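Encoded as structure tokens, the structure appears first; notes follow it.
Bear in mind these aren't lab numbers, they're just calculated from the coordinates by the rules spelled out. What you see is a predicted model; the values in this text were computed from it and never measured. Cβ coordinates were reconstructed from backbone atoms using ideal geometry, including for glycine residues, and neighbour counts include every protein chain displayed.
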Amino acid sequence: MKSASFAFVLSLALTSVANAQAPSTAEGQKPIKTLINAIRYSKDDLATKQVGYDVMVEKLMDTSWKDASDADKKELISGMEKLIRGISFPAGRDIFKYLDNVLYDAPRLDKDQVKVKSTVVIHRDLKKSEIVIDWVIAKSGGQWKVYDTVMQGESTLAGIRDEQIKPLLKEGGVAAVKKAMNEKVAEISKK
Amino acid sequence: MKFVALLALALTGCSSLGHTYVAPGYLSTSADAVKRITVGAWAPADQAGAAPVIARIAADFVKLRKNYIVPESVALKGWEEGCKENREGVLAVRVLKTAVEKEEVELTVAVELFRCKDGALLWRAEGKGDGKSNDENLKEMVSNYARDVDPAATQFAAPAFVVLQDVLNALPDVVLSDAEVEEKIELGLVKPVYERVRILSASLLVI
């Protein structure tokens, strides 16, 4: 029995180590490169497969995620996908004309997150500048996907969670978040 | 406003596009245009380290800003070396002149697009420009190229980036079919050679 428990603990420890490892360079860069190129060429179905909407919404909802019903979770994930496809992908295409170079580092482990640093060179009004973006990736459905970006130490997801989601949760719980999300989805569907 | 633009231009270096040539009758938008290309570069022997850096910068720009499918960037002695399987053409950058004075680097380049099947010169342009090796606006990019390609990047990457952009902007773009777009997206994901070697080594150790 003791040896069985030991084996169980050992396997758990090994699984934890495996989960904490950063993927290979090609594996880790794949979702980001595919996402950028797919958006560029308006292949939005391919682009959307590179985004971890489930991980994204779970992080946004923070502790309220565990209280949400399965139906709520499904609705929130679907709503997030519609918002990203309706707002972020077209915005990404607009920015594309300003990009002069995008270079990637190998994936790295930063505490419990896997990040891929990219250096983006942009031009505006004849001036060049660099933006360093950390893409945060996680495995979802057996595939590495993007779920957050960090610029100058600021997480996009944490910003949205603190400024938009938390006040809604305080005001009316998961229902308030769903209502706001559905209203935004309806608004962009009209455009 | 004009002053701000001029100041920005002065701070990032300046370049000019010289003579350009397109082969009579060549249409880059036609279905049989040269789309799959090797991007190569040659630099004089005393600046040999600049060649792989310039090839990579040119390749990265063409991949990002143009529709060409670019499987590889290499240092070349002659453009013919870039003609391989599944390659229709070679975009060859030749460094014609370099003048280095402390951090100021002046570069003159000629960029030529050749068709592999008959050696035809399809397009050519020359560009000249100067810039600072230690351009503050490009320091992350420079350190990336120095780490991933060649230490010569610390001297050449920033000025070459400025000069090549102007020349390569003039390169007539191609039009890709849906299947070719998918090929281009997939190509960006091919495992680098060193990674294949690493995997092969690991497999051999297991065996």
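Being aliphatic (A, V, I, L, M) and touching a strand residue (DSSP E or B) at 6+ places or on another chain (Cβ under 8 Å) narrows it down to one residue among A:Val51, A:Val57; which is it? Of A:Val51, A:Val57, the one residue that is aliphatic (A, V, I, L, M) and touching a strand residue (DSSP E or B) at 6+ places or on another chain (Cβ under 8 Å) is A:Val51.
Of all residues in region B:84-99, none satisfies being surrounded by 20 or more Cβ atoms within 10 Å (Cβ to Cβ), within 14 Å of chain A (Cβ to nearest Cβ) and either assigned to a strand (DSSP E or B) or not acidic (Asp, Glu) (or both). Scanning region B:117-155 for residues that are aromatic (Phe, Trp, Tyr) and either within 14 Å of chain A (Cβ to nearest Cβ) or out of contact with any strand residue (DSSP E or B) (no Cβ under 7 Å at 6 or more places or on another chain) (or both) yields a count of 1.
With the structure loaded, tell me whether B:Asp173 is more than 8 Å from chain A (Cβ to nearest Cβ), of a type in the set (D, E, K, R) and touching a Leu at 6+ places or on another chain (Cβ under 7 Å) or whether it fails that test. When the stated conditions are applied, B:Asp173 does not pass them. Just so you know, in region B:52-83 the residues that are within 12 Å of another protein chain (Cβ to nearest Cβ) and in a loop (DSSP other than H, G, I, E, B) include one that is farthest from the chain's Cα centre (by Cα), and it is B:Asn67. Residue-level check: of (1) surrounded by 16 or more Cβ atoms within 10 Å (Cβ to Cβ); (2) in contact (Cβ under 8 Å) with a residue 40 or more places away in the chain; (3) within 20 Å of A:Lys49 (Cα to Cα); (4) more than 14 Å from every other protein chain (Cβ to nearest Cβ), A:Val177 misses just (3).
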